[in-house]
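The block underneath contains the structure these notes are about, expressed in structure tokens.
The values are calculated or read from the model by the stated rules, or taken from the named source; none is laboratory data. Please read all numbers here as calculations on a predicted model, not as lab measurements. Virtual Cβ from ideal backbone geometry, glycine too; neighbours counted across all protein chains shown.
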Amino acid sequence: MAARVATESFLQPSVLARLGSLELVARAVVEGALVGMHRSPKFGFSQEFAEYRAYNEGDDLRFVDWNVYARTDRAYIKRFQGDTNTRVTVLLDASASMNFGEPVSKWKLAQYLCASLAYLVKRQHDAFALTVFNTDVVSELPPSANPDVLQRVLAHLHAATPSDGTDLVRSLHTLSQRISQRGVVILVSDLYADSDEIIRAIQPLAHRGQELIVFHTLDREELEPSQTRISALKDLESDEKIVVAPEFLAQAYRKKINAHCEAIETSCQRLGADYVRVMTDEPLDGVLHAYLRRRETQPS
Amino acid sequence: MNFLFPVFLAGLFGLLLPWVLHRFNRETPPESPFPSTRFLEATRVPISRKKRLRHLGLLSLRALFLLAACLLFAQPYCSTDKNRAGAQSNTFVVIDRSASMLAGERWSAAVDKASDALNASGSNQLADASQNPVQLFDLTSQLTAHASLSSNLTEAKAALLSLEPSYEKAQYGLMMQQLDALASKETLPVDVVFITDAQKSNLPLQRRLLRTQHIRNFSIEQVGAQEKNLAVKGSASSIDGVNAQVSAQVLFSQAADSPTQDSDPARISLQIGAGEQILSTRDIDALSNQTVTVVVDDLILPSAETTHLTVRAFTEEGDDLAVDSIVDVPLRNAQPIVVGMRAFNMKVPEAASLFLRTALSTDSLARVVSLSGNEASAATNHWIVFVPYADNEQIILPEEVTQFVQSGGNVMMVLQPGMEESAGTPTESDYIGSVDVAHPLALGELDWQEARIYSPMTLALSELDRVLMRTGQGLPYMIERSVNERVSAADSISGRLLIVADPLNGVVSDLPLQSAFVEWVAHAIQWFDASSAFPEQLNVGDSLVVPANAQVMSPSQKPLRTLAESSTSSRLSFTEPGIYTVVTGSAEHQVMVTLPWEESNLTVIDDDFKQAWTLGELAYPDSDKGGEAELNSAESANPSDAALDASVPKSEQLIRQPWWPWLLPLLALTLVAESLLANRRLAVRRDGL
């Protein structure tokens, strides 16, 4: 019941679009997403408990878990995964196909999402990095935990413009070379590439211990085209025109696009990555809330 | 329903256009953006889709619009019987007053018929209407209205009785157009009764001029069909004042002409006399409607003072129009043009004088007389003067030359350089570079290529000069100077002044040695002579521009202009045949005014053509064979034109009720409805359907 109430209070995309300021959007989205959630300094992105190790001579006594010692009469040292904050790297797809959608475009939605994530990361004092790419890396904001990181991210988002095509494989390959420190890698894209190639591209990141989250931005028109007559559909990235019948769009095309989405989702699950579908006509804070709640409840 | 212009019905084929557009949909599918075509497969688009009509309401509106537009252009009308309609009408009664109506009893018969027409038209046959408005016109060269359009016939009848035949010719085409224009201004239908002798020679060459649009009923009341006429005209000339030559044209015509090869020629006597004395008589045979030319060149004039000869033709066949069978012909002087030659402030140069005299005497064109300062009289209208000139100085005209030109004389002024300028060297020879081909002197027709100018003179031009020739270096070589600005009376006629920048001595240039020189001098003198010449012969009805300070004397030697009128230039029309005398300050000119030759030919229009004319079913092509007016019967007509005209059956005495007052709002309504409907269906508009 509480969840339903929260859902109803989520901000519709059209409302977000009217807010204008990206910072305001981010603040509204994040604060809305956190409503009803448990207070936690860490929302699972960093400083996770790693393991117990038998106490050796010379170990710092401050790390001895005295509770375990009281129960077992043995001294164990409690170890964590890292000593510093986690680095969150957002990979934002700025291809021309992102400039599609109603009531807000996928690009606008991705901007809101990035800004919200940056705001969220800033709240927990983690480092945030942003990389914009299309056929190759377009621009890059190095990881930073400075208080002004949010402003820099917002400025970066403002400066970026969707254009050209998408080369996910090439861009992710380049990025995987650069990201050496383990952290969270968030991919925001409409994922217009072969699903196998996408998986092959993000696989190195997963194998290097990066925690992967894939935000798949989609418009309803992409999933369920509304054309009722023969139309020439023009590819936003390549300007190629294909004349298609409405019957094809109503049946075969939907099967294909759904199969593509499912294939990516399945592959992400196999790699241990989170797959989140973000629709342009759904409240962004609702999507974020649902994902964070799921993440909070799922075993680490 | 009939159509004024059924040819526009061809536009109904345009109805196929919306049908095709609605049947064949646009093949280019609408374009819309899509994020990626990765999962799309091209669909095979059929070349033509299912053939079914779409948007039937819109199609109907568009078809209706085109239909209304075509009908509007075709101008449909309903024909309503006059009696059923019970509408009043205007009646125009036109009486032919041309010269041919003088023949026999034609005029009296015409007046009777006109009177009958006035009475018949004025009383409406309908029960409830009393009188129809009637207007009387007479036809000469123009249509002239008498009295006003009124139901009261008194004024029209009085005007009819006051009319007399004129000596002018009638023009049927012009009359029909004028009647049509008058009828177009009337609210009631217009009926026309035309009382005429229906002369074939009065028909226009362009038969379409007989066609009208606004006359409901056109009828011809013909008078005279059996008259015969003998007409003569001619010219006479004398070289020496003792012997004379007469050239006469004789025409014998019959109203009911049926030219056959077997018809016998008429025996005609041609008599030439001077006053009471008969100089010569010739008998000739002439076929009907054939003009015979007779030249009599062995005439001995009774005295040197004979000014005109009388040419008379008569025949035993009969002549119902006597006015054109006797004509006074002015005796023209065929002597060479007299050109005076003199020099100012110098002696007449021998070489130039010799060259000019030789050129002028060629072909007996002109006779040169030397003039001294005191005898610059009216003996001639043309002078050649020699005036000394120094380079680059203003050309100063001697006062006598100025006065002479202002009084209508013509002067060729040959400039004579001083001794130092005349010594040219052949190495500096120039040539004729450009000539004014637009000038009536026709300099462009002459061959100037061989002419060389060794010492060209440098003229100082004024604003009144028109350069007719330039040398290769651009120096003016021959100019025409206007003296109009110096004339006080604007209407005065001044002569021509030609200035030659060459002494014509054969030293400064070799122009006098060229063959072009003789032709050029001849052109110049002929151009001079034409400036003061009046036409020798005019027709009755023609007009002449009479210069100021000139009087015109009628054949009975009565002045035709008052003293006030003769002080200015004016146009004078001649209404009677005869020899008129134009008296100017320097000379008298005789102008022979004759009856129009067309009026002398009494041949009438055949019945087929007349019927076609009255029914508005005229068929033509227009005649373009040198004025030979050929009649074409309806049967030999151009089919398209015949069909076009046959759509207006005037013979049925019908009233046209045009449809355009209904068609025009319908057109506008369909246009508005189409726009509203098509705009409501934006998809239709976008697809261009």
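Assorted remarks:
- Test for B:Glu576: is it out of contact with any helix residue (DSSP H, G or I) (no Cβ under 7 Å at 6 or more places or on another chain) and part of a helix (DSSP H, G or I): no
- When the range B:47-88 is limited to residues that are modelled with pLDDT under 60 and either touching a Lys or Arg at 6+ places or on another chain (Cβ under 9 Å) or within 14 Å of another protein chain (Cβ to nearest Cβ) (or both), the one that is nearest to B:Ser151 (Cα to Cα) turns out to be B:Lys82.
- Filter result for the condition that a residue is within 27 Å of the chain's Cα centre (by Cα), within 28 Å of B:Leu464 (Cβ to Cβ) and surrounded by fewer than 18 Cβ atoms within 10 Å (Cβ to Cβ), over B:Ser554, B:Ser543, B:Ser570: B:Ser570
- Of the strands (runs of 3 or more DSSP E) entirely within the range A:107-213, those holding at least 2 residues that are free of Cβ contacts under 8 Å to residues at least 24 places away in the same chain and over 25 Å from A:Ser97 (Cα atoms) occupy A:137-144.
- Matching residues, the range B:184-224, being charged (D, E, K, R) and either within 30 Å of B:Glu105 (Cβ to Cβ) or under 27 Å from the mean Cα position of the chain (by Cα) (or both): B:Asp191, B:Asp197, B:Lys200, B:Arg207, B:Arg208, B:Arg211, B:Glu221
- Among the residues of the range B:270-295, those that are assigned to a loop (DSSP other than H, G, I, E, B) and surrounded by fewer than 19 Cβ atoms within 10 Å (Cβ to Cβ) comprise B:Gly275, B:Glu276, B:Leu287, B:Asn289.
- For the range A:265-288, filtering for residues that are in contact with a strand residue (DSSP E or B) (Cβ under 8 Å, 6 or more places away or on another chain) and away from every other protein chain (no Cβ under 14 Å) leaves 13.
- Hey, B:Ala550 within 19 Å of B:Ser201 (Cα to Cα) and at pLDDT below 85 or not: no
- Set side by side, the residues B:Leu270, B:Leu287, B:Leu251, B:Leu230 differ, and just one is free of Cβ contacts under 8 Å to residues at least 40 places away in the same chain and either among the hydrophobic types (A, V, I, L, M, F, W, C) or within 22 Å of B:Glu316 (Cα to Cα) (or both), which is B:Leu287.
- Flag for A:Glu262 being out of contact with any helix residue (DSSP H, G or I) (no Cβ under 8 Å at 6 or more places or on another chain), within 21 Å of A:Asp281 (Cβ to Cβ), more than 12 Å from chain B (Cβ to nearest Cβ) and not hydroxyl-bearing (Ser, Thr, Tyr): yes
- Flag for B:Ser237 being in contact with a Lys or Arg (Cβ under 7 Å, 6 or more places away or on another chain) and of a type in the set (Ser, Thr, Tyr): yes
- Selection count, the range A:221-260, where residues are buried (at least 18 other Cβ atoms within 10 Å of the Cβ), in contact (Cβ under 8 Å) with a residue 40 or more places away in the chain and not acidic (Asp, Glu): 2
- Residue list for the range B:296-306, restricted to those being at pLDDT 85 or above and either exposed (fewer than 12 other Cβ atoms within 10 Å of the Cβ) or not assigned by TED's automatic domain parsing to the domain that holds B:Gln245 (or both): B:Ile300
- Residues of the range B:463-475 satisfying the condition of being at pLDDT 85 or above and either closer than 22 Å to B:Gly418 by Cβ or touching a helix residue (DSSP H, G or I) at 6+ places or on another chain (Cβ under 8 Å) (or both): B:Asp465, B:Leu468, B:Met469, B:Thr471, B:Gln473, B:Leu475
- Check on A:Gln269, in contact with a helix residue (DSSP H, G or I) (Cβ under 6 Å, 6 or more places away or on another chain), assigned by TED's automatic domain parsing to the domain that holds A:Ser97, polar (S, T, N, Q) and at pLDDT 85 or above: no
- If you filter the range B:476-493 down to residues that are modelled with pLDDT under 90 and aliphatic (A, V, I, L, M), you find that the one that is nearest to the chain's Cα centre (by Cα) is B:Ile493.
- Among the residues making up the range B:582-591, those that are assigned to a strand (DSSP E or B), surrounded by 18 or more Cβ atoms within 10 Å (Cβ to Cβ) and of a type in the set (Val, Ile, Thr) are B:Val582, B:Val591.
- Hits in the range A:218-239 - residues which are part of a strand (DSSP E or B) and more than 7 Å from chain B (Cβ to nearest Cβ): A:Leu218
- Checking each residue in the range A:276-290 for being touching a residue at least 24 places away in the same chain (Cβ under 8 Å) and either surrounded by fewer than 20 Cβ atoms within 10 Å (Cβ to Cβ) or not in a strand (DSSP E or B) (or both) picks out A:Arg277, A:Met279, A:Thr280, A:Asp281, A:Glu282, A:Pro283, A:Leu284, A:Asp285, A:Gly286, A:Leu288, A:His289.
- Residue list for the range A:89-107, filter: touching a strand residue (DSSP E or B) at 6+ places or on another chain (Cβ under 6 Å), within 13 Å of another protein chain (Cβ to nearest Cβ) and not acidic (Asp, Glu): A:Lys106
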